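The values are calculated or read from the model by the stated rules, or taken from the named source; none is laboratory data. If you're wondering where the values come from, they're calculated on a predicted model, not measured in any experiment. Positions of Cβ are backbone-derived with ideal geometry, glycine not excepted, and every protein chain shown enters the neighbour counts.
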Amino acid sequence: MASNKAALTASGRNRVEWASTRMPVLNLIKRQFAESKPLKGVRVGGCLHITTETAVLALTLKAGGAEVCMCASNPLSTQDDVVAYLNSQGVKAIGFKGESSKDYYKAIAEVVAFRPKLVMDDGGDLTNSIISADSEALGGTEETTTGILRLKALEKAGKLEYPVIGVNDADTKHMFDNRYGTGQSTIDGILRATNIMLAGKVFVVGGYGWVGRGIASRARGMGARVVVTEVDPVKALEAYMDGFDVQSMDAAAASGDIFVTATGDLDIITERHIKRMKDLAIVANSGHFNVEINVDDLEKLAVKKREIRAQLEEYTMSDGRRILLIAQGRLVNLSAAEGHPSEVMDMSFANQALSAVYLLNNHEGMHNKVYDVPREIDENVAKLKLESLGIRIDRLSERQKKYLSSYESGT
Ligand code: NAD
Ligand code: ADE
């Protein structure tokens, strides 16, 4: 048992160190934090996917003087070696891959009991638990689109108890993480779970927001024939002009080889779609919650179910068709693969670290609302990322600035 723990910790250390080599912006912030200790003595409670990249964030907060306690933001996204390593480094990390719903909420309750001053959430579950407890939270940050929707609903209901910064909405977060991060890691999850060939396959993407766009473009890059489904006419038109086939899910259901949902909405794939699917159709989700594919409908229609590979379940219908579900309909990129690459999490988590300090310093003048990441932070993250890549860009001259802010000069 002890040697198993030591092996897990060593594996976690190696993998976190590897991720860290790809996160130059967060490492720069870590060095600055280690000197100025902006979070000295502050309890930070997190509910985040416990990955190697999250570990680099947690260690950055700790370097800034914070005490950190975190749980997983999904029952299947925890990397057990990272949990072991974080605990060996004085960060309390709770959770394991494959935990039950009961374990998941028990871990959240432990973070609530830690009485965080700052709350770092991914999806809104920790925030929801904290506001119904007697909390000392001064402020929070939220990592994902679905979490921001839930927090805005709380704000509207007058139930948000502290200011929250919606990290997802920073340009240096959703334009890169949601699009390119999820685009790549979703394909990674599907391939690890199935080892299928994508070239030539009909690949149906539900939703053409930031995540859907990324998945559709990466699937096309692998040679798949991509179909997009949408409810927003503008997004549907955008998908069409980006060169994708746009159909209703009812129409796409019969022709798809692979289906991936990425809407943040529920019931994208239900009984009536499953009934039309081909034998061996593969179904997966990359949206935050496991509600996009109605797994209860799949269970109800199936006469037989078996795990055929890790994170791949085969459901046999009464007419003999087999439908394959990846990772129980939970986020495929974090459940069947390792989530986004470190390079892109570098920017998301730089926004998290800097927003945490901003909240600590400014919470008194803020209201119980969802705020955007301050523009200076967002632009600074982009500048630092460009610098780390050795990319120089042009600067506006004084003449150009004047021209761009004037109305006088025309043809
Ligand atoms: P978004 O708001 O940019 O896009 C969602 C799109 O889905 C919109 O265009 C919307 O019109 C469409 N949509 C809504 N209901 C639909 C329906 N019934 N049928 C078809 N389309 C529908 O959001 P996003 O940033 O792309 O995020 C999507 C989901 O992915 C959220 O749940 C978010 O939290 C999650 N997310 C997951 C990861 C990950 O690592 N897997 C990363 C980032 C975001
Ligand atoms: N969300 C998506 N990918 C992630 C990662 N690698 N770490 C933490 N959260 C993530």
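Worth pointing out:
- Qualifying residue in region 353-376 (condition: within 16 Å of ligand 1 (Cβ to nearest atom), at pLDDT 95 or above, under 30 Å from residue 153 (Cα atoms) and aromatic (Phe, Trp, Tyr)): no
- Test result for residue 362, in contact with a Phe, Trp or Tyr (Cβ under 7 Å, 6 or more places away or on another chain) and surrounded by fewer than 17 Cβ atoms within 10 Å (Cβ to Cβ): no
- Subset of region 214-240 that is within 16 Å of ligand 2 (Cβ to nearest atom) and crowded, with 24+ Cβ neighbours inside 10 Å - its residue that is farthest from residue 257 (Cα to Cα): 214
- Matching entry among 343, 314 (being surrounded by fewer than 23 Cβ atoms within 10 Å (Cβ to Cβ), within 22 Å of residue 22 (Cα to Cα) and modelled with pLDDT of 95 or more): 343
- Top-ranked residue of region 199-213 - restricted to ones that are crowded, with 24+ Cβ neighbours inside 10 Å and assigned to a helix (DSSP H, G or I), ranked as farthest from ligand 1 (Cβ to nearest atom): 213
- Candidate set: region 312-347, residues that are closer than 13 Å to residue 51 by Cα and polar (S, T, N, Q); chosen: the one farthest from ligand 1 (Cβ to nearest atom): 342
- Qualifying residue in region 341-353 (condition: touching a residue at least 12 places away in the same chain (Cβ under 8 Å) and not in a helix (DSSP H, G or I)): yes
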